[in-house]
Amino acid sequence: MDEAVLLLNVGSPDAPTAGAVYQYLRQFLTDERVLDMPWLPRWMLVNAVIAPFRASASAERYRKVWTPAGSPLVAISTDLARRVSGASGRTVFVGMAYGSPPIAEAVERVRRFRRVVVVPMFPQYATATSGSVIAGVQLAFAAGDPIPEVVIRPAFGADPGFLDVLAASARATLSAAEPVDHLLCSFHGLPERQVKKLDGVCFSEGCCDRPAAERWSCYRASCFDTAAGLKERLHLPLSISFQSRLGRDVWLGPDTVSELRRLAGEGKKRVAVICPSFVTDCLETLEEIAVEAREEFRKAGGDDLVVLPCLNVEDAWVTWLAGWVERAG
């Protein structure tokens, strides 16, 4: 056996039930890279407050998007792995940081390959996403033998080829719809504290003017880079927002719903939303944006919210991803 590929993502509950979501939230939120606080307050917050009180409501949200094949994120990722395998000639596996299939199980399936290319499926680097799955795969390999050559691909949100694919996908959806007044790039949110701690310079003067090689770990700057690449290619009025807030910390802003209300208040009747921090449709795109955000936009006076799908298993995305693996050398 020569070379295998691991596509890594955050994961989903195993079922759209309160019990499964409860277990998923406990696993997800007790990760110190996700909630970066001392272990005892984190354990108490997750086990005594968040998981018990959010499980039922979150399960109801998951039921709205669940498919016959299971979680959209896992089902689409599994299909993507099959297609990338066909395009690249490599054996491709999927691993999830939380839920199934777990990263540790995926690592055992590739351990006897001579070389393993690891692809965190996050266009922008963040410690709660890329950092978490990279740490998970490194720990899993270190827990046994043999340990193959492991190559970890970097975040790709500013790669010109990826941006071409993303823009072409957006253009295809927009061309089939009525003209829109505005394009909103809704990125997954993070607490400002996490972003500052990770990069050390973020929010200071000139942060985003640094060369890309010096700010690769600045999530906020990476989001700006992706949005700028889309604006250059799509030639639409564009703004940026951040979604999926949790807790009382100050998060990156503006908040997506607040930005949609602002746009509606300015008379923007038809707005398109793209979620460039997700390559696979999931709860955050299919329910949080396509259902909840659309409803809020209409309440604020907007007519229609055009939600652009993630790349999922589009042919151009599969081809680009196979090439991204090939470029690992």
**Prompt:** What is the one condition in (1) in the same structural domain as T280 (by TED's automatic domain parsing); (2) modelled with pLDDT of 95 or more; (3) aliphatic (A, V, I, L, M) that V195 does not satisfy?
**Reply:** (2)
**Request:** Evaluate the following for S12: is it hydroxyl-bearing (S, T, Y) and closer than 22 Å to G189 by Cα?
**Result:** yes
**Fill in**
F203 passes all but one of the listed conditions (1) within 20 Å of E259 (Cβ to Cβ); (2) touching a residue at least 40 places away in the same chain (Cβ under 8 Å); (3) surrounded by fewer than 19 Cβ atoms within 10 Å (Cβ to Cβ); the exception is number (2)
**Request:** Working only within region 23-55, note down all residues that are in a loop (DSSP other than H, G, I, E, B) and either free of Cβ contacts under 8 Å to residues at least 40 places away in the same chain or not charged (D, E, K, R) (or both).
**Result:** T30, E32, V34, L35, M37, P38
**Request:** Please state which one of R33, R42 is basic (K, R), in contact with a helix residue (DSSP H, G or I) (Cβ under 6 Å, 6 or more places away or on another chain) and under 23 Å from K197 (Cβ atoms).
**Result:** R33
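Would you confirm, using the coordinates I've provided, whether R210 is of a type in the set (K, R), crowded, with 19+ Cβ neighbours inside 10 Å and over 18 Å from the mean Cα position of the chain (by Cα)? Give the steps one after another, and end with the answer.
Working: of a type in the set (K, R): yes; crowded, with 19+ Cβ neighbours inside 10 Å: no; over 18 Å from the mean Cα position of the chain (by Cα): yes.
So R210 does not fit the description; no.
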**Request:** Using the structure shown, decide if V137 is modelled with pLDDT of 95 or more, crowded, with 23+ Cβ neighbours inside 10 Å, touching a helix residue (DSSP H, G or I) at 6+ places or on another chain (Cβ under 9 Å) and assigned to a strand (DSSP E or B).
**Result:** no
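Need at least 2 residues that are assigned by TED's automatic domain parsing to the domain that holds V84 per element, so show me which helices (runs of 4 or more DSSP H) inside region 250-329 make the cut, counting only ones lying wholly within it. Steps first, please.
Working: elements: 256-265, 283-286, 294-299, 315-326.
In region 250-329, 315-326 are the helices (runs of 4 or more DSSP H) which contain 2 or more residues that are assigned by TED's automatic domain parsing to the domain that holds V84.
Quick check on my filter: what residues within region 56-96 are of a type in the set (S, T, N, Q) and either free of Cβ contacts under 8 Å to residues at least 24 places away in the same chain or closer than 22 Å to Q27 by Cβ (or both)? Before you say what the answer is, go through the steps one by one.
Within region 56-96, the first condition is being of a type in the set (S, T, N, Q), and the residues that meet it are 56, 58, 67, 71, 77-78, 85, 88, 91.
Within region 56-96, S56, S58, T67, S71, S77, T78 meet the criteria.
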**Message:** I need every pair where a residue in region 1-22 that is over 20 Å from S132 (Cβ atoms) has its Cβ under 8 Å from the Cβ of a residue that is of a type in the set (A, V, I, L, M, F, W, C) and in a strand (DSSP E or B), sequence separation at least 6 or different chains.
**Reply:** E3/V116; E3/V117; A4/V92; A4/F93; A4/V116; A4/V117
**Item:** Given (1) within 16 Å of the chain's Cα centre (by Cα); (2) assigned to a loop (DSSP other than H, G, I, E, B), index of the condition P179 fails
**Value:** (1)
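The values are calculated or read from the model by the stated rules, or taken from the named source; none is laboratory data. None of these values were measured; they are calculated from a predicted model. No Cβ is skipped: glycine too gets one built from the backbone with ideal geometry, and neighbour counts run over all protein chains shown.
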